[in-house]
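Data first, discussion second: the structure below is written as structure tokens.
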Amino acid sequence: MVLVRHARPVLRAGVPARDWLLDPGAVPACHALAAEVDRLLEGTGRRVTRLLSSTEPKAVATAAALAEAWGLRGPGAHPGLDEHRRGVLPIVGDVEWRETIGRLFARPDELVLGEETASQARARFAAAMVEVAAQGDGAGLTAVVTHATVMTLLLAEPNHLAPLALWGSLLMPDALFVSSSGWRLLGRAWPDRP
């Protein structure tokens, strides 16, 4: 399975992040990511044949750009793949946002931010990923376009990674190859990047 973090959105003050649109200038980065995933799969006899995304516009648009690059028909969307539910938040600087996300990871069972705890977001996302994995056809790889926080919540513990470090390392867009049982990290599309 390939977990993809969406590409760069257009930030809009007063609008929930879940409603942000993809920056039109980010489409070439999506095409480059698709090409890199293909390059890494060369010689394995495998390729991405199925594509799903969260319901958030930035993820749907990222998935559409990837579908175009991979020659796949339009991706499906699944609400369980959405980001940690946050509502409307002010746009803050990178340092303040990192501190806020750090508190979310450090206190997973407390409502630190938004509408659900980190534990609730992880449970929702993990259940959706199990459902997605179960529906795979086995012939090819499934790619899931989603978001940094829920990706981190799913992957940090089983891979013995510090959540904030993993979250901070995810690019826009980015792709991680993971096992669909145990959520073990198998590789990364941009191995030479942080």
Please find, among GLU131, GLU110, the residue that is open to solvent by 50 Å² or more (accessible area, probe 1.4 Å), under 20 Å from LEU51 (Cβ atoms) and either free of Cβ contacts under 8 Å to residues at least 40 places away in the same chain or not in a loop (DSSP other than H, G, I, E, B) (or both).
GLU131
Tally time: how many residues in the stretch 143-167 are within 25 Å of ARG39 (Cα to Cα) and either over 15 Å from the mean Cα position of the chain (by Cα) or open to solvent by 10 Å² or more (accessible area, probe 1.4 Å) (or both)?
3
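Would you pick out the residues in the stretch 146-176 that are in a helix (DSSP H, G or I) and among the aliphatic types (A, V, I, L, M)?
Initial filter on the stretch 146-176 (in a helix (DSSP H, G or I)): 148-155, 163-169.
Passing the criteria: ALA148, VAL150, MET151, LEU153, LEU154, LEU155, LEU164, ALA165, LEU166.
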I need the full set of residues from the stretch 168-184 which are aliphatic (A, V, I, L, M) and open to solvent by 30 Å² or more (accessible area, probe 1.4 Å), in order please.
LEU171, MET172
Taking only pairs six or more apart or across chains, which ones have beta-carbon atoms under 6 Å, a first residue in the stretch 138-150 that is under 23 Å from GLY71 (Cα atoms), and a second residue that is small (Gly, Ala, Ser) and not in a strand (DSSP E or B)?
THR142/GLY136; VAL145/ALA59; VAL145/ALA63; THR146/SER54
Could you check ARG8 against (1) over 26 Å from ALA128 (Cβ atoms); (2) open to solvent by 60 Å² or more (accessible area, probe 1.4 Å) and say which number it fails?
(1)
Answer yes or no as to whether ALA61 is small (Gly, Ala, Ser) and modelled with pLDDT under 95.
no
Could you look through the stretch 65-77, keep only residues that are at pLDDT below 95 and within 16 Å of HIS147 (Cβ to Cβ), and pick out the one that is least open to solvent (accessible area, probe 1.4 Å)?
PRO75
Residue pairs meeting the criteria (Cβ under 8 Å; at least 6 apart or on separate chains; first within 15 Å of ALA63 (Cβ to Cβ), in the stretch 8-28; second among the β-branched types (Val, Ile, Thr) and at pLDDT below 95)
none
Checking GLY187 against (1) in contact with a Lys or Arg (Cβ under 8 Å, 6 or more places away or on another chain); (2) surrounded by fewer than 17 Cβ atoms within 10 Å (Cβ to Cβ), which test does it fail?
(1)
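The values are calculated or read from the model by the stated rules, or taken from the named source; none is laboratory data. What you see is a predicted model; the values in this text were computed from it and never measured. Cβ: placed from backbone, ideal geometry, glycine included. Neighbour counts: every protein chain shown. Surface areas here come from the heavy atoms of the whole protein model, side chains and all, with no ligands, DNA or RNA. Shrake-Rupley method; radii C 1.70, N 1.55, O 1.52, S 1.80 Å.
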